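Only one structure is covered here, and it is reproduced in the block below.
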Amino acid sequence: MKKFLAIYTGSPTSANKTQWDQLGEQERRQREAAGIKAWRDWMTTHQAVLVDTGGPLGKTKQTTSQGITDTRNNMAAYVIVRAESHDVAARLFQNHPHFAIFPGDAVEIMECLPIPGQ
């Protein structure tokens with residue numbers, strides 16, 4: 001089995017987020033409750049392949065040879081899963097609540113490769 005890092009992405013200026021922000025408070029709360037339940041159900045359904053349950057990501061700092069700066073990206077959360085192949089790992093996230101219920105944009109899945117020479 002291979003390991004895969006899945007990054008949940010979302011942009012504060014996406015159409016999904018704009019539509020979400022336009023919801024009335026009651027409807028947004030109902031969708032949040034449904035989304036949280038669906039996310040927990042997804043985690044329970046896939047618990048056998050979860051390597052790291054991950055979680056939300058906070059503000060970003062970038063370190064370069066020029067120093068440290070505050071920066072932004074569209075990464076919202078992460079999880080690490082185990083799967084036989086990249087395609088199998090990607091299929092785990094089809095219709096995921098991150099974008100099916102919440103205003104997230106996508107889930108990007110990449111294989112965690114071994115360090116060369118080890």
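Structure values in brief
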quantity	calculated
Residue list for region 10-27, filter: out of contact with any Gly (no Cβ under 8 Å at 6 or more places or on another chain), surrounded by 15 or more Cβ atoms within 10 Å (Cβ to Cβ) and either closer than 30 Å to residue 111 by Cα or free of Cβ contacts under 8 Å to residues at least 12 places away in the same chain (or both)	11, 14
From the options 79, 88, residue that is surrounded by 15 or more Cβ atoms within 10 Å (Cβ to Cβ) and free of Cβ contacts under 8 Å to residues at least 12 places away in the same chain	88
Unique residue being part of a loop (DSSP other than H, G, I, E, B) and open to solvent by less than 80 Å² (accessible area, probe 1.4 Å) when the list is 54, 58	58
Matching entry among 7, 68 (being assigned to a strand (DSSP E or B) and free of Cβ contacts under 8 Å to residues at least 12 places away in the same chain)	68
Unique match (being at pLDDT 95 or above, surrounded by 12 or more Cβ atoms within 10 Å (Cβ to Cβ), assigned to a helix (DSSP H, G or I) and among the aliphatic types (A, V, I, L, M)) among 48, 34	34
Residue list for region 91-118, restricted to those being open to solvent by 50 Å² or more (accessible area, probe 1.4 Å) and aromatic (Phe, Trp, Tyr)	99
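The values are calculated or read from the model by the stated rules, or taken from the named source; none is laboratory data. Bear in mind the structure is a predicted one, so any value in this text is a computation, not a measurement. Glycine also receives a Cβ, built like all others from the backbone with ideal geometry; neighbour counts cover every protein chain displayed. When the accessible area is computed, the model is the full protein with side chains, heavy atoms only, and any ligands, DNA or RNA have been set aside. Shrake-Rupley method; radii C 1.70, N 1.55, O 1.52, S 1.80 Å.
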